[in-house]
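A short write-up of the structure that comes next.
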Amino acid sequence: MDLDLVFFGTSGSVPTAQRGPSALLVRRGGERLLFDCGEGTQRQFLRSSVGLVELREVFVSHFHADHYLGLPGMLKTFALRGRETPLIVYGPPGLKELFGALRRVFGKLTYQLDLEELRPGDVLERREYNLVTFPVDHGVQSLGFALVEHPRPGRFHVETADSLGVPPGPERGLLQAGESVTLPDGGTVTPDEVLGPPRPGRKVILSGDTAPAPTVLEAARGAEVLVHEATFLDEERERAQETAHSTALDAAEVARDAEVGLLALTHLSNRYFGPEVAREARTIFPETVVPKDFDVIDVPFPERGAPRLVKGGVLLKRDALESVAEPEAVT
């Protein structure tokens with residue numbers, strides 16, 4: 001099952017020429033989950049190879065404008081295209097009140113819009129994973145999100161299956177799915193006879209905006225990827241504390257203590273470029289990247305390798321040629 005993160009907005013509170021406000025798309029198999037929707041997010045979709053897909057779920061971490069201002073325009077565009085597929089927007093308490101005001105902006109829709117308020121500790125159970133919310137420290141009601149896959153069956157031992165007389169075909173698929181099978185001679189083979197120990201699923205953590213918080217550290221333990229804000233460098237530590245944001249060093253300390261596989265820093269202040277943010281964080285946690293808009297982080301299963309940054313992974317070629325890039329961070 002493919003899993004990756006597409007960065008559509010990596011700037012802080014205001015957009016820059018190269019970075020839009022917060023927006024991150026999680027792609028898992030055929031699912032598309034959008035986390036935050038800053039100003040201009042729908043245009044970022046359209047500029048990418050993803051296109052403006054009919055999202056079924058949008059998650060808003062909190063109600064600062066740079067995290068939701070892109071939603072009214074996107075909802076209206078869906079309606080103008082005649083969309084009929086229902087859409088669910090999730091967010092902290094106050095979501096319904098906010099949309100009561102926003103409806104005057106996007107007007108009548110052609111599809112059902114459901115609003116679901118979440119609190120820290122809520123779990124959205126899916127077939128192969130859970131989405132778990134956790135509290136963060138940002139001075140307003142804010143949520144972090146953890147995508148936690150269920151453990152997977154162990155490796156299928158073909159030689160053992162052969163020796164037990166399990167014929168090639170659907171019986172082996174049933175065993176891999178955890179079901180016992182009856183052989184033509186009447187014997188029974190159980191999954192534990194042909195499968196190795198269960199293998200862990202993947203875990204991806206999205207902090208949203210937050211000051212350093214023990215709740216983020218606890219949620220991130222052992223995660224393949226931690227996406228953490230780094231609005232400031234250490235020279236602006238006092239400013240970070242005043243605004244309930246993190247420095248690059250703060251985020252790196254969380255990644256180190258949580259023993260994550262890869263740290264991705266986002267929500268950069270417009271006073272910084274990516275390379276200087278990466279350099280500071282790597283003094284504590286070397287496995288740090290600073291994605292730009294349209295970069296992708298591929299998250300394979302652990303046995304298939306480590307997470308990796310794909311620069312411009314969804315950027316259309318014409319945009320790559322036209323864009324004026326900021327200095328590259330060493331990865």
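The values are calculated or read from the model by the stated rules, or taken from the named source; none is laboratory data. Source: prediction; values computed, not measured. Heads up, the Cβs are rebuilt from the backbone with ideal geometry, glycines too, and the neighbour counts pull from every protein chain shown. Accessible surface is based on the protein model in full, side chains and every heavy atom, while ligands, DNA and RNA are left aside. Shrake-Rupley method; radii C 1.70, N 1.55, O 1.52, S 1.80 Å.
Things worth noting here:
- Accessible area per residue in Å² at 1.4 Å probe, computed on the chain: 46 Å²
- Between 0 and 90°, nearest 10: helix 95-106 axis offset from the chain longest Cα axis: 70 degrees
- Stokes-Einstein diffusion for the stretch 171-267, with the hydrodynamic radius set to the Kirkwood value over Cα pairs and evaluated at 10 °C in a medium of 1.306 mPa s, equals 99 µm²/s.
- Highest average packing first - 262-274, 219-231, Cβ atoms within 10 Å: 219-231, 262-274
- Accessible-area ranking of Lys96, Lys317, largest first, probe 1.4 Å: Lys317, Lys96
- Of interest is the spacing of the C-alpha centroids, which for the stretch 208-260 and the stretch 1-47 amounts to 20 Å.
- Environment charge at Asp298 (Cβ cut-off 9 Å; Lys +1, Arg +1, Asp -1, Glu -1): -1
- Of Glu84, Glu253, the order by accessible heavy-atom surface (1.4 Å probe, DNA, RNA and ligands excluded), from most exposed downward, is Glu84, Glu253.
- Contact order relative to length of the chain, as percent, for alpha carbon pairs under 8 angstrom and 6 or more apart: 16 percent
- Between Ala240, Phe63, Leu3, the Cα set farthest toward the positive side of the dipole of the chain (charges on each charged residue's Cβ, about the Cα centre) is that of Phe63.
- Between the C-alpha center of the stretch 261-307 and that of the stretch 144-203 there is a gap of 36 Å.
- Relative contact order of the stretch 178-280, defined on C-alpha pairs under 8 angstrom at six or more residues apart (%): 25 percent
- Pairs from the list Lys108/Lys317; Lys203/Lys311; Lys96/Lys292 with a Cα-Cα gap above 28 Å: Lys108/Lys317; Lys96/Lys292.
- Under the criterion of Cα pairs below 8 Å and six or more residues apart, the relative contact order for the stretch 18-163 equals 17 percent.
- Carbon/sulfur fraction of accessible area - the stretch 43-149, other protein chains in place, 1.4 Å, %: 49 percent
- Applying Stokes-Einstein at 20 °C and 1.002 mPa s to the Kirkwood radius of the stretch 44-145, computed over alpha-carbon pairs, gives a translational diffusion coefficient of 145 µm² s⁻¹.
- Share, in percent, of DSSP beta bridges within the stretch 61-199 that are antiparallel, nearest 5: 75 percent
- Only helices enter this figure: runs of n ≥ 4 DSSP H residues, each worth -39500 (n - 2.57), summed and divided by the residues of the chain, yield -7000 deg cm²/dmol at 222 nm to the nearest 500.
- Cα-based radius of gyration of the stretch 227-324 once divided by 2.2 N^0.38 Å, which approximates compact folds: 1.15
- The C-alpha atoms of the chain define a longest principal axis, and helix 248-258 lies at about 20 degrees to it.
- Average projection, convex hull of the Cα set of the chain: 19.3 square nanometres.
- In degrees, nearest ten, helix 70-80 long axis to first principal axis of the chain (Cα): 70 degrees
- Among 98-106, 136-144, the order from most to least packed when residues are scored by Cβ within 10 Å on average: 136-144, 98-106
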